[in-house]
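Working notes for the structure below.
The values are calculated or read from the model by the stated rules, or taken from the named source; none is laboratory data. All values derive from a computational prediction rather than experimental measurement. Glycine also receives a Cβ, built like all others from the backbone with ideal geometry; neighbour counts cover every protein chain displayed. Please note that ligands, DNA and RNA were not included when accessible areas were found on the heavy atoms of the full protein model with its side chains. Shrake-Rupley method; radii C 1.70, N 1.55, O 1.52, S 1.80 Å.
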Amino acid sequence: MAADEWHSATSAMAIQQFDIAARKLGVDPNVARRLRRPDRALIVSVPTRMDNGGVKVFTGYRVQHNDVLGPFKGGIRYHPAVNLGEVAALAMWMTWKCSLVGLPLGGAKGGITCDPAALSRHELQSMTRRFTAEIINVIGPEVDVPAPDMGTNEQVMAWIMDTYSQHKGHAVPEIVTGKPVAIGGTLGRREATGRGVVYMILEAAKHLNIELSRCTAVVQGFGNVGSVAVKELANIGVKVIGVSDRTGGFVDEKGLPVEKLLELADKNHSLEGCPYGDKISNEQLLELKCDVLVPAALEMQITKANAAKIHCRILAEGANGPTTPDADTILRENGIFLIPDILANAGGVVVSYFEWVQDLQNFFWNEVEVNSKLREILVKSFHEVLRMSEKQDVDMRLAALMIGIDRVTRAMLWRGLYA
């Protein structure tokens with residue numbers, strides 16, 4: 001497959017980030033050429049019987065970037081904007097993320113170009129099962145282990161597990177993570193990414209000598225990551241003054257009623273019609289003055305065009321790739337402390353790893369153990385990145401990428417090239 005077939009703005013950004021870190025590290029050019037593109041990219045047709053009796057053909061993807069450290073690992077995204085370039089970028093970021101936090105896993109990602117909100121439960125299930133059948137030859141507990149991402153959840157993972165298990169003739173819970181606890185999921189997985197974001201904010205605040213109980217926060221995105229981050233921030237005394245989802249944002253300088261927002265989102269599956277605060281756009285939300293900003297929606301939300309308008313002290317990336325390289329430069333010049341995505345939102349893959357290990361051993365931990373181990377890994381990784389940042393005089397993103405990429409390249413050099 002030609003490189004331009006998976007080119008997109010998102011993949012170009014991921015490659016640009018890699019190139020900057022690789023040059024700083026002095027990565028062997030032969031290794032760098034291999035890491036700039038995925039090991040494998042699969043595009044599949046997903047014919048699905050719709051409720052009206054017709055058949056609609058969706059396009060699905062599974063991209064496996066690198067497995068030098070262990071089996072591929074990465075989420076499955078259902079969204080109208082899913083394309084091969086985006087999935088390739090997300091797979092690359094997963095490689096660095098797993099390496100950074102010390103997991104014996106590689107990076108992958110998958111998705112279907114669709115609007116899950118426009119599909120019935122029956123249509124979602126049919127589409128998911130057919131997609132699983134189409135990619136079944138490239139996934140497996142020792143090969144590639146999917147997980148939830150934007151637009152998917154534990155129910156989707158349950159359908160994938162069941163479809164895979166039906167083909168194998170026995171239950172294989174370790175094929176996916178992010179499953180319901182009743183069929184081999186782990187306690188704490190659903191909250192792990194958002195909870196991890198807040199663990200990282202706590203460490204950043206300690207480093208900067210900021211008292212979070214006197215701080216305000218704005219969160220873009222109110223899905224699994226954003227909503228959990230909002231709840232956890234409120235629990236530690238942070239005043240949440242702005243939130244948003246795909247329908248728009250809401251702001252109240254006196255503080256929004258977090259519990260009521262969570263109830264509304266749980267009931268309506270969105271914040272549309274929210275009676276709390278003043279309505280604003282997602283773009284305006286990012287420019288609100290606050291102490292903590294959490295972009296937890298889509299990629300490339302903070303760009304050269306709006307970076308100078310960002311007014312926060314800590315920016316914790318709950319989403320993958322929300323900030324472009326040009327914006328990084330502006331944020332750094334303005335003294336904003338950035339916690340990069342491959343560190344800030346790594347909680348999800350860390351607890352996915354825990355789930356996979358528990359399934360393989362058929363021995364499960366309680367939620368206190370899960371959260372304790374999660375925090376231990378993330379805090380250790382935060383301080384490794386901080387030390388690298390200070391030692392090399394680089395920002396936190398470049399420091400995180402340097403650590404993650406260096407571990408992968410060293411492993412590749414040890415293993416050599418099979419040719």
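The table below gives the values:
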| quantity | calculated |
| --- | --- |
| Computed over region 27-169, Kirkwood Rh from alpha-carbon pairs, angstrom | 15.4 |
| Residue-span extension gain [residue 357 to residue 278] - 0.36 nm each, minus C-alpha spacing | 23.9 nm |
| Residues of the chain: accessible area per residue with a 1.4 Å probe, Å² | 42 |
| Of all accessible heavy-atom area on region 23-111, the percent that carbon and sulfur account for (1.4 Å) | 47 |
| Long-range amide H partners of residue 297 with built H, under 5 Å | 319 |
| Rg/Rh for region 292-335, where both radii come from Cα atoms and Rh is the Kirkwood radius | 0.91 |
| With every protein chain in place, region 113-184: carbon and sulfur % of accessible area (1.4 Å) | 49 |
| Long-range amide H partners of residue 245 with built H, under 5 Å | 221 |
| For region 304-310, Karplus couplings with θ = phi - 60° (6.51, -1.76, 1.60), whole Hz, Gly/Pro x | 4, 6, 10, 4, 5, 8, 7 |
| Most mobile listed residue (308, 192, 204) in the chain, GNM with C-alpha springs under 10 Å | 308 |
| Computed lengthening from residue 387 to residue 329, 0.36 nm per intervening residue step minus Cα-Cα distance | 18.9 nm |
| Relative compactness, the chain, computed as alpha-carbon Rg over 2.2 N^0.38 Å | 0.94 |
| Euclidean distance of C-alpha centroids, region 43-65 and region 353-385, integer Å | 34 |
| Length added when fully stretched, residue 182-residue 268, from 0.36 nm per residue minus Cα-Cα | 28.4 nm |
| Nearest-20 debye value, the chain charge dipole, Cβ charges on Lys, Arg, Asp, Glu | 540 |
| Cα-based Rg of region 185-315 normalised by 2.2 N^0.38 Å, two decimals | 0.99 |
| Over region 189-240, equivalent-ellipsoid semi-axes from the Cα gyration tensor in Å | 19, 12, 8 |
| ³J(HN,Hα), Karplus 6.51/-1.76/1.60, whole Hz, each residue of region 390-399, x for Gly, Pro | 6, 5, 8, 6, 10, 6, 5, 5, 5, 4 |
| Packing rank of 310-319, 11-20, where each peptide gets the mean count of other beta carbons within 10 Å, highest leading | 310-319, 11-20 |
| Accessible area of region 322-385 belonging to carbon and sulfur atoms, whole % at 1.4 Å probe | 51 |
| Over 22 Å between alpha carbons, listed pairs 254/289; 260/373; 97/231; 206/304; 97/380 | 260/373; 97/231; 206/304 |
| Amide hydrogen neighbours beyond the local backbone of residue 73, cut-off 5 Å, H modeled | 106, 107, 108, 145 |
| Percent of beta bridges antiparallel (DSSP, the chain, rounded to nearest 5) | 50 |
| HN-Hα J in Hz across region 216-226 - Karplus 6.51, -1.76, 1.60, θ = phi - 60°, x for Gly and Pro | 10, 9, 10, 10, 8, x, 10, x, 4, 6, x |
| Cβ-Cβ FRET estimate between residue 43 and residue 81, R0 fixed at 22 Å, reported to 0.05 | 0.85 |
